[in-house]
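Remarks on the structure that follows.
What follows is calculated from the coordinates using simple rules that are stated; it is not laboratory data. This structure is a prediction, so every number in the text was calculated from the model and none was measured. With ideal geometry, Cβ positions are generated from the backbone for all residues, glycine too; neighbour counts draw on all protein chains shown.
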Amino acid sequence: MTQTRRTLEGKVALVAGATRGAGRGIAVQLGAQGATVYVSGRSTRGRRSEYDRPETIEETAELVTAAGGRGIAVVADHLVAEQVEALVGRIGAEEGRLDVLVNDIWGGERLFEWDSTVWEHDLDKGLRLLRLAVDTHAITSHYALPLLLREPGGLVVEMTDGTADYNAGHYRVSFFYDLAKAAVLRMAFALGHELGPRGATAVALTPGWLRSEMMLDAFGVTEANWRDALETVPHFAISETPSYVGRAVAALAGDPEAARWNGRSLSSGQLAREYGFTDLDGSRPDAWRYLVEVQDPGRPADTTGYR
């Protein structure tokens, strides 16, 4: 796939959880390929979610349109079934189809406690994290998939953190975080069994070390000077922009043979090798291979051969 070719003209996508981070990057890259993209979330110009951050779904929709697609912002809390049902009903009424569903709802960054056991972790926060990571995806799929199945060739992307192989052998942050990310991987596997015979495809997809708005803020840098963070966090050199995983989703959505991936766990770096796209700087970060071969063994940061 070339990055100037518009492969998704006439296609309709819903990116659930598109306010910022990977969701925003995916929505914009789907728009860059000509798609109509409904972007949902809770943070609007009139009201912020508990994150209390400046990014809004209206801004994401405008970025989609500016990229060449048609962005449509819809306020929705994906824990509230009635709101999700109304969102999908609107897409059905306005478009009559849904070709791509991206379940990127998360909202747990401020809830998990690093290296905290299940008995030490705040229980309310842990259970809230699970609801945000799991219930939201299940609710959205419940209402959206009948619309997606109206036309053959639909794609569902379950966004998570970590590949199935990596997460199977590594403890991820805490009991609740580990469980949440494993559950999303399994959702993609289960959806693959349910959708495959009906002409649609489901995959799990993980970015690498994502330079999201929150991550950049945490390191006190911007996208323009992100390399300044390498002085204190050298392995951040393998990081990638949200556009990279966005291009991964756009490549999948534009692939007439995407069914070959059905039920599988994929990464942005893996799909970059397969489809030939790059990150915005022209590189191809392969973060999960880097983690296994460089970071986890404690070797010095060196991205040679990994981007």
Checklist entry - Which residues' amide hydrogens lie under 5 Å from the amide hydrogen of G71, considering only partners 5 or more residues apart or on another chain, with H built in the peptide plane? => result V37, T65
Item to check | Among P152, P207, P297, residue whose mean-square fluctuation peaks in a GNM of the chain (springs only between Cα atoms under 10 Å) | outcome: P297
Next on the checklist: Connecting C-alpha atoms closer than 10 Å in a GNM of the chain, tell me which of G25, G108, G263 has the biggest fluctuation.
Outcome noted: G108
Checklist entry - Percent of alpha carbon pairs in segment 117-203 separated by more than 18 Å? => result 49 percent
Item to check | Gaussian network model of the chain, springs between alpha carbon atoms under 10 Å - residue of M214, M159, M187 with greatest fluctuation | outcome: M214
Next on the checklist: Using the basic label-point model (7 angstrom from Cα toward the beta carbon), what is the D228 to V118 distance in nanometres?
Outcome noted: 4.3 nm
Item to check | Sequence of T304, T241 once ranked by neighbouring C-beta atoms within 10 Å, starting from the fewest | outcome: T304, T241
Item to check | Net length gained if the chain between L280 and H142 were fully extended (0.36 nm per residue, minus Cα distance) | outcome: 46.2 nm
Checklist entry - Gap in Å between the Cα centre of segment 132-149 and the Cα centre of segment 54-73? => result 22 Å
Checklist entry - So what is the diffusion coefficient of segment 67-147 in µm² per second by Stokes-Einstein at 37 °C and 0.692 mPa s, using a Kirkwood Rh over Cα pairs? => result 227 µm²/s
Item to check | Equivalent ellipsoid, the chain (semi-axes from 5 times Cα gyration tensor eigenvalues, Å) | outcome: 27, 22, 20
Checklist outcome for this item: Filtering chymotrypsin sites (Phe, Trp or Tyr not before Pro) in segment 230-297 by DSSP loop and by at most 11 other Cβ atoms within 10 Å leaves none
